[in-house]
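Below you'll find the structure, written out as structure tokens, and then a few comments.
All of the numbers you see were taken from the coordinates with simple rules; none came from a lab. Not measured: the values here are computed from a predicted model. Every residue, glycine as well, gets a Cβ built from its backbone with ideal geometry; the counts of neighbours run over all protein chains shown.
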Amino acid sequence: MLSAAIAVSGTAMAQPARQQVKPTIVLVHGAFAESSSWNAVIADLNKDGYAAIAAANPLRSVSGDAAAVSAVIRSISGPVVLVGHSYGGPVITEAANGNPNVKALVYVAGFAPDTGESSLSLSGKFPGSTLGDALLPVVQPDGRQDLYIRSEKFHEQFAADVPAAEASLMAATQRPVARAALAEPSRTATWKTIPSYAIYGSADRNIPPAVMKFMAERAHAVKTVVVEGASHALMVSHPREVTALIEDAASVKE
């Protein structure tokens, strides 16, 4: 009996304790930005032991862009935290649908639309956005319009708290969004069933802070962070605060 007990005990001790797998962080940029806008956040996440992917967002349509991000999610075997900036918010909201490994949604100055809402309809819900006057429409061969932020207005409009030289580079490398994408109604509101987190700046000129406050409260966000004086590009100007919120979302035990 003693030998049997020792054998059982030895077997139990040989089995390692089950460790929680850290989620992979999938970061989705919004309009007028691109994947490198997450560079500082990725560096902080990697330093803390998180794998991170800055997914390419085509900026053509909510449904099509969400399908592209969903493909990235399905390529990841473990849990995922989805992070969306600005127009990336509707994209992650849709991309999470049907992907049970998505454990949290983090909105970084991002839209969190309900079914039938669009980026355009939400941005006009409260006054304060000055984006319309800063836009440069470019007509494509098929007649559709792409929207850019005029380079001379980019710093003040999009990234007022980013050093001028860096903001100039961001303006030169910005990716346009299809006007139709901003007007496309969302088809699902996954924040109703997936825990959500929100962070935004009090000096955002693209999306009125009142709109982001409204969306965070409506979604019953687990945590909301308001960065005083931060612009729309707070993942560039305040990467530590953004990283901290993402890690809060990622560290919740199932």
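Would you grab the residues whose amide H sits under 5 Å from the one on residue 52? Only those 5+ places off in sequence or on another chain, please, with H modelled 1.01 Å from N.
Result for residue 52 returns 25.
Ranking request for peptides 51-63, 95-107: highest mean number of other beta-carbon atoms within 10 Å first, then the rest in descending order.
Ranking the peptides 51-63, 95-107 by packing returns 95-107, 51-63.
Quick check on packing: order 81-89, 162-170 by the mean number of other C-beta atoms within 10 Å, highest mean leading.
81-89, 162-170
Relative contact order for the chain: what percent, with Cα pairs under 8 Å and sequence separation of 6 or more?
23
What net charge is computed for the residues neighbouring residue 175, neighbours being all others with C-beta under 12 Å from the C-beta of residue 175, Lys and Arg scored +1, Asp and Glu -1?
-2
What ranking do 25-33, 216-224, 194-202, 117-125 get when scored by the average of other Cβ atoms within 10 Å per residue, highest first?
Averaged packing, sorted descending, gives the order 25-33, 194-202, 117-125, 216-224.
What percent of all Cα-Cα pairs in the stretch 192-254 falls into each 5 Å bin, going from 0 up to the bin containing the maximum distance?
With a bin width of 5 Å, the distribution comes to 4, 18, 27, 24, 18, 7, 2, 0.
Summing Lys, Arg as +1 and Asp, Glu as -1, what charge do residues with Cβ under 12 Å from the Cβ of residue 87 carry, residue 87 excluded?
0
Lys and Arg at +1, Asp and Glu at -1: add these up for the other residues within a Cβ distance under 15 Å of residue 115 and post the number.
Surrounding charge for residue 115 is -1.
Explain nothing, just the number: relative contact order of the stretch 60-174, from Cα pairs under 8 Å at least 6 residues apart, as a whole percent.
17
Which entries in 153/213; 125/223; 47/153; 22/153; 103/153 show an alpha-carbon gap greater than 31 Å?
With Cα atoms farther than 31 Å apart: 47/153; 22/153; 103/153.
Once Lys and Arg get +1 and Asp and Glu get -1 on their Cβ, which of 64, 38, 180 lies farthest toward the positive end of the dipole of the chain?
64
Over all pairs of distinct alpha carbons, what does the Kirkwood formula give as the hydrodynamic radius of the chain, in Å?
Value: 18.8 Å, from the Cα pair sum.
With the radius of gyration and the Kirkwood radius both derived from the Cα set of the stretch 138-254, what is their ratio Rg to Rh?
Here Rg/Rh amounts to 1.02.
Cα gyration tensor of the stretch 50-124, axes a ≥ b ≥ c as square roots of the eigenvalues: rounded (a/c below 1.5), prolate (a/b > b/c) or oblate?
Verdict is prolate for the stretch 50-124.
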